[in-house]
Amino acid sequence: MTGDRVGGRVAFVFPGQGAQWAGMGRELLETDAVFAARMRECAAAMDPLTGWSLLEFVAGQQESLDRVDVVQPVSFAVMVSLAAVWESCGVTPDVVVGHSQGEIAAACVAGALTLADAVRVVVARSRVIAERLAGHGGWYRSRCRRSRSPTWSPGSVTASRSRR
């Protein structure tokens, strides 16, 4: 990677679930030493807690990306490993932010959580979501006229609630 920084500040933004795709991280695991090293660190902390191999999953077919208790730990590991790659290239963030599980990655990259602590949080969180929340919600969407809801912009309103 080559280039010059052109003023401004650098932010690392970490997404929540939904940004994943089959094959994510596979090529970097095979070709980038920094990425692979950080993934091995993640695997050392994660594998005993999940009961499956992070490195084997990323290197494999990734059939279980629809399971929150798999996709969230894998996505976390990919995020913090990508951050390590950027930092090894001299790109250091002035700020880190995240949404949902991305908040855990941001806290880890910022140094607010150790890797081991962050892994414990992401694995426990994903397990709770898988066991207690996944598949129990619902969505309702309705069109409304501006005159009936002056605090909302014209268009549609979306609401959700638990089915429990």
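A few points about this structure:
- So Val119, is it modelled with pLDDT of 90 or more and in a helix (DSSP H, G or I): yes
- Residue that is farthest from Val128 (Cα to Cα), among those in segment 85-105 that are among the hydrophobic types (A, V, I, L, M, F, W, C) and under 15 Å from the mean Cα position of the chain (by Cα): Val96
- For segment 126-152, the set of residues classified as open to solvent by less than 70 Å² (accessible area, probe 1.4 Å) and either modelled with pLDDT of 65 or more or not in a loop (DSSP other than H, G, I, E, B) (or both) consists of Ser126, Ile129, Ala130, Gly137, Gly138, Ser142, Cys144, listed by residue number.
- Enumeration of residues in segment 55-92 that are among the hydroxyl-bearing types (Ser, Thr, Tyr) and over 19 Å from Arg127 (Cβ atoms): Ser81, Ser88, Thr92
The values are calculated or read from the model by the stated rules, or taken from the named source; none is laboratory data. Quick caveat, the model's predicted, so the values are computed rather than measured. When we count neighbours, we look across all protein chains shown, and the Cβ atoms used for this are built from the backbone with ideal geometry, even at glycine. To get the accessible areas, we keep the full protein, side chains included, count just its heavy atoms, and leave off ligands, DNA and RNA. Shrake-Rupley method; radii C 1.70, N 1.55, O 1.52, S 1.80 Å.
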